[in-house]
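All remarks here apply to the structure that follows.
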Amino acid sequence: MSAPVHVALEMDQSWRYAAPAAMARFCAGLKERRIEALRCGGCGRRYLPPRPVCGNCHLPLADWVPVADEGRLEAWTVVHVPILDPRTGRMREAPYGMGLVRLDGADTTLNHFLAQSDPARLAIGQRVRAVWREQLAGAIDDIRHFEVLA
Amino acid sequence: MNPVAIVGTGQTRHARARDDASQAELVREAAARALEDAAIEPRDIDAVVIANMELFEGRAWPELWVGEAAFAAGKPCVKVATGGTSGTSGCIAGIHQVASGLFDIVLVVGFEKHSEGHTQTGMTLTDPYWDRAVASGAVGNFALSVSQYMAERGTTERQAAQVAVKARRNAARNPYAHLQMPALTVEEVLASKPLAHPLRMLDMCPQSDGACAIVVASGTRARKLNPRPAWVRAAATRHEQPFIGDIERRLATMRTLREAAREAYAGAGIGNPLKELDVAEIYEPVSYAELAWYEALGFCEEGQAGRLIEEGVTEMGGELPVNPSGGVLSTNPVGASGVIRVAEAALQIHGRGGERQVDGVRTALATGYGVYAWADAIVLADRP
Amino acid sequence: MIRESAIRIPFRYAAGGAGSRFLAALRDERRILGARCDGCRRVFAPLRSFCSSCGASPLEEIALGPGGRVEAWTARADGTVFALVRLDGADTALLHRLVGLPGEPRRGMRVRARFAAERRASILDIAGFEPEEGASA
Amino acid sequence: MSAGALRRPVYVSGIGESRPVPRDPRAIPEMVLEAVQAAYADARCAHTDIDAVVTASVDLLDGLTASNIAVTEVVDAVMKPETRISSEGLAAALHAAAQIASGAYDAVLVVAHAKTSMADYQGLTRWALDPIHVQPLGADFLACAGLQAAMLADGDPGAERRWAKVAAERRRAGNGTFLIPSSVEEILLSPVIAAPLREGMCAPLGDAACAVVLTAGSAAVRLTGVGWDLDSHALGERDLRRWDGLRRAFARACAVAGMDPRGMPIDLVEPSCFYPHEEEMFRAATAIGERAELSPDGGLFAGTAPVVAGLSRFAAAARGVRAGRAKRALAHGAWGPAGQGQAVAILQAGA
């Protein structure tokens, strides 16, 4: 039995991902600090992120409704383990806060970073507000993170 | 559905890194053991199903390379890939293929070699416009749902730690299990490294290299091959909406697992799962998930899961032992993990569980969990 | 709207029992190992841990080549030539590259493994197969 | 009933496609939704009539982990059973047929999708080849096809021109969304990409989605034969001049349909041939006579996408039977290097 040998192969592939039309409109809105959700004509559920159909009713979505950049913290955690960011190939530094935020006007929640990373200062039910970046690129990380309102 | 049974199982020794075996050799190790257990030859296999998540190892169509290791060369073979449920869904695919009348014997093999890639990064390769920018891997995502579940049910960190201890204590009786920590204590779990509040290192499943196989046979063949075939009484699958934020209070509601279990129990004629099931092998990637699944699977009322673990109901020797194998908390090669649940449930009915055998098992449950809330439920029994 | 996104992940594949032995023999002994299945009377190149035909395992280790014949070749637009080479003593062909070609290769031509000067237990420890002395290309 | 037959009849009740184009500006879910809605409309069914879904997609092609997550809603799999057969679309359909025959479900939606315009397709296929012995060499599926073609062309000086003729003929039959050479001379002058294969000989790859509704309830087209097969992975272990895997898959499909493979009166054949030499291997492996109509709409040469190809051929064969152009039709799918994976479906007029 010889010593185990390994074969190292580096994946470096890129993909051109087309955004669904609804996502493209949503991202254009972010550039103007505007958040919109799509409401299902069947069940009335207001979806973030926007998508082609409501999965529960299998109905196409077309009814846009405005959503605030403030909402309620529905779930939270503080992540302590760095992970390899697939977009940069570098480790994302820890610790950082993560939350599920139900923005006023939406029925689904948005997972995003939190400004706070101290468990003692985070609780379900807190009001939170988006902190926008100075330079807006039309992407979900135009929101730097959410901060807990006093 | 036509009568179908599991007549043989086989798995590899699972470990953090199986440097001694290639992916193909790992698959062969499990497949050969399953054939030996079922006392069949490679030529007896009519078709093969492979379960694996390709991006974890960076392979496209991995069945092309490893298929012949599963004795599939010159035979029908396809791959099933549905995240964490790949293994259970692969088993259900094999069950359907036999029940269709096309085949008498189908071999299902699930495998993963996490040591060869970057699984946490692989898991973030989801929606490029949404999830990828704010990804935190499986641990962070699970922790979010745990915070909701704890707030709603009053579950304590200590109760979750008891689940983690039970899993590792059971694993110590399973020679194949990855983590071997027979003397682990609740205090050690609570003192382990924080990963994502409130989850600690010992609340989480490991990442394992490993493979597991089952032999699925038609009714007539099953009776000849095994004195106690594990008959498939029912199998159900439910998938869910794509984003974590779509799912209302995920762990507390878990409508997919509830609905899959309801369908499987109805198909198997089970009214009271706690009393009528003799053993359960459930896919619990996190200690807290096992508690949430107790409720979704109807083992107890909502909010009573903590009591179940405190009173030892799900311990070996309890009313309904859960995960005598040590579960996913002790061994987690993702594509194999679901197959392991089914294999371990079948093993209990075969009466070949060795030191982890529960006495007098006639009815067993196996479940799968994947992506944010996909679920499989399979009921096996000693009678068709 | 289109977003281009790259995935950069390093993978490290275990060559396993047979693969490690095969690659180590390339590196340390400049030998190409194959496997003989007694049941099928078939000699495989490269070495493998089980027979893909009958499933038998383990298989007997056997040295092959280093000479052989080109069974088929194809050239890519960038000039890379891939070939299936039937090594002397083998019943199956090894996929590799042809190098040092004076002209267009042809089926049936004799070739011989050229080993890389620096070897690191990789299939590329064979730099390629080149025409044997005296073999016309 | 003994093994080898479908225990319940299976019918094709709906077909829908997002036709192949070189570069579809839409996202995968939008292409898939078009196909699914068309299949439902064709089957005159509602989403509530569908019991289960089988999808076919490949993570590396889509650049996504568990790429079926992205389509769960559009394929209508929320709170339903979904199985992803990440091999080939036709294999997914054959698995769906097994599900129906097992009695588990009465109506199953099958969906396949791929967008080759997203990435370097051949570059991605390198990640399907044995990482220990082959991938470091830089070979891809195209190189494997080139080696197979080389085996066939050896000692056959007329092969290149014959293949160019086949490609030209198929292309004329197909419609013109792909800009490609279509005369024999143009094809023979197109660049060599994997000798002896030239660019003009390859079926043009693009973006496509296909959806099919299979049911236990009677419909105009019945799926009577199913067979699939996986050959050895290493090219050097196979007789590359023959598609033995297809021969086995075809024999199984005939056995399931209760027919003699040699005496099969098949009127319409829809093979998944990405290169003209594959068409010759296809004919040899299936012993399909000259009488049968083959790829009347140009087959894959009208444009195709991997993974989708086999299901789109299934749809084309079903359309032929439904239109009365054929009493019995054969659809074929292939995946992997040099056709390692093979799938065959036999369709005939239903009820």
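The values are calculated or read from the model by the stated rules, or taken from the named source; none is laboratory data. Just so we're clear, the structure is a prediction, and the values are computed from it rather than from any experiment. FYI the Cβ positions are ideal-geometry reconstructions off the backbone, even for glycines, and counts take in every protein chain you see.
Quick notes on this one:
- Subset of the stretch D:296-323 (residues that are part of a loop (DSSP other than H, G, I, E, B), in contact (Cβ under 8 Å) with a residue 24 or more places away in the chain and surrounded by fewer than 24 Cβ atoms within 10 Å (Cβ to Cβ)): D:P296, D:D297, D:G298
- Strands (runs of 3 or more DSSP E) enclosed by the stretch C:1-92 - at least 3 residues per element that are among the hydrophobic types (A, V, I, L, M, F, W, C) and either in contact with a Gly (Cβ under 6 Å, 6 or more places away or on another chain) or away from chain B (no Cβ under 14 Å) (or both): C:60-64, C:67-75, C:81-87
- Residue count for the stretch D:125-170 satisfying the condition of being assigned to a helix (DSSP H, G or I), small (G, A, S) and farther than 20 Å from C:V81 by Cα: 4.
- Single unsatisfied condition, B:R238 versus (1) surrounded by 23 or more Cβ atoms within 10 Å (Cβ to Cβ); (2) not in a strand (DSSP E or B): (2)
- Single condition B:I378 does not satisfy, out of (1) part of a helix (DSSP H, G or I); (2) touching a Cys at 6+ places or on another chain (Cβ under 8 Å); (3) among the β-branched types (V, I, T): (1)
- For D:R238: the one exception among (1) of a type in the set (K, R); (2) more than 22 Å from D:R8 (Cβ to Cβ); (3) facing another protein chain (nearest Cβ under 8 Å): (3)
- Flag if B:L64 is surrounded by 24 or more Cβ atoms within 10 Å (Cβ to Cβ), assigned to a loop (DSSP other than H, G, I, E, B) and not polar (S, T, N, Q): no
- Of residues in the stretch D:103-122 being more than 19 Å from the chain's Cα centre (by Cα) and within 12 Å of chain C (Cβ to nearest Cβ), the one surrounded by the most Cβ atoms within 10 Å (Cβ to Cβ): D:M118
- Meets criteria (in a loop (DSSP other than H, G, I, E, B) and touching a helix residue (DSSP H, G or I) at 6+ places or on another chain (Cβ under 8 Å)) for B:V361: yes
- Residue match in the stretch B:294-314 (condition: within 14 Å of another protein chain (Cβ to nearest Cβ) and either surrounded by fewer than 19 Cβ atoms within 10 Å (Cβ to Cβ) or among the charged types (D, E, K, R) (or both)): no
- Selected residue (only one of D:A203, D:A128 is within 13 Å of another protein chain (Cβ to nearest Cβ) and of a type outside the set (D, E)): D:A128
- Taken over the stretch D:228-246, the criterion of being of a type in the set (D, E, K, R) and under 16 Å from B:D46 (Cα atoms) is satisfied by D:D229, D:D231.
- Within the stretch A:4-106, strands (runs of 3 or more DSSP E) holding 1 or more residues that are farther than 23 Å from A:V128 by Cβ and more than 14 Å from chain D (Cβ to nearest Cβ): A:63-67
- Subset tally (residues that are away from chain D (no Cβ under 11 Å) and of a type in the set (S, T, Y)) for the stretch B:104-127: 1
- Pick from the stretch B:242-297, criterion within 19 Å of the chain's Cα centre (by Cα) and among the polar types (S, T, N, Q), ranking: nearest to B:M1 (Cα to Cα): B:T256
- Of the residues making up the stretch D:93-102, at least one is in contact with a Phe, Trp or Tyr (Cβ under 7 Å, 6 or more places away or on another chain), of a type in the set (A, V, I, L, M) and more than 14 Å from chain C (Cβ to nearest Cβ).
- Breaking point among (1) out of contact with any helix residue (DSSP H, G or I) (no Cβ under 8 Å at 6 or more places or on another chain); (2) facing chain B (nearest Cβ under 9 Å); (3) part of a loop (DSSP other than H, G, I, E, B); (4) crowded, with 18+ Cβ neighbours inside 10 Å, for A:S117: (2)
- Each residue in the stretch A:120-147 was checked for being of a type outside the set (F, W, Y), within 12 Å of another protein chain (Cβ to nearest Cβ) and in a strand (DSSP E or B), and 3 pass.
- Boolean, B:D46 is surrounded by fewer than 23 Cβ atoms within 10 Å (Cβ to Cβ), in the same structural domain as B:H114 (by TED's automatic domain parsing), out of contact with any Gly (no Cβ under 8 Å at 6 or more places or on another chain) and closer than 12 Å to C:Y13 by Cβ: no
- Remark: pairs (first residue in the stretch B:34-61, within 9 Å of chain C (Cβ to nearest Cβ); second residue assigned to a helix (DSSP H, G or I) and surrounded by fewer than 21 Cβ atoms within 10 Å (Cβ to Cβ); Cβ separation under 6 Å; 6+ apart in sequence or on different chains) are absent.
- Of all residues making up the stretch B:67-90, the number that are within 25 Å of B:R43 (Cα to Cα), small (G, A, S) and in a loop (DSSP other than H, G, I, E, B): 3
- When the stretch D:55-92 is filtered for residues that are part of a loop (DSSP other than H, G, I, E, B) and either more than 13 Å from chain A (Cβ to nearest Cβ) or of a type in the set (D, E) (or both), the ones remaining, listed by number, are D:S57, D:A66, D:E73, D:D76, D:P81, D:S86, D:S87, D:E88.
- Top-ranked residue of the stretch D:34-67 - restricted to ones that are in contact with a helix residue (DSSP H, G or I) (Cβ under 9 Å, 6 or more places away or on another chain) and free of Cβ contacts under 8 Å to residues at least 40 places away in the same chain, ranked as surrounded by the most Cβ atoms within 10 Å (Cβ to Cβ): D:A66
Every residue, every condition in (1) under 21 Å from B:G327 (Cα atoms); (2) facing chain D (nearest Cβ under 8 Å), yes or no:
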position	(1), (2)
B:A69	no, no
B:K75	no, yes
B:K79	no, yes
B:G84	yes, no
B:Q97	no, yes
B:L102	no, yes
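- Filter pass, D:A104 being among the aliphatic types (A, V, I, L, M) and in contact with an Asp or Glu (Cβ under 9 Å, 6 or more places away or on another chain): yes
- Scanning the stretch D:141-173 for residues that are away from every other protein chain (no Cβ under 14 Å) and in contact with a Leu (Cβ under 9 Å, 6 or more places away or on another chain) gives D:R161, D:W163, D:A164, D:R170.
- In the stretch C:43-62, the residues that are touching a helix residue (DSSP H, G or I) at 6+ places or on another chain (Cβ under 9 Å), more than 16 Å from C:G17 (Cβ to Cβ) and at pLDDT 95 or above: C:A45
- Filter pass, B:E248 being within 14 Å of chain A (Cβ to nearest Cβ), surrounded by fewer than 24 Cβ atoms within 10 Å (Cβ to Cβ) and assigned to a loop (DSSP other than H, G, I, E, B): yes
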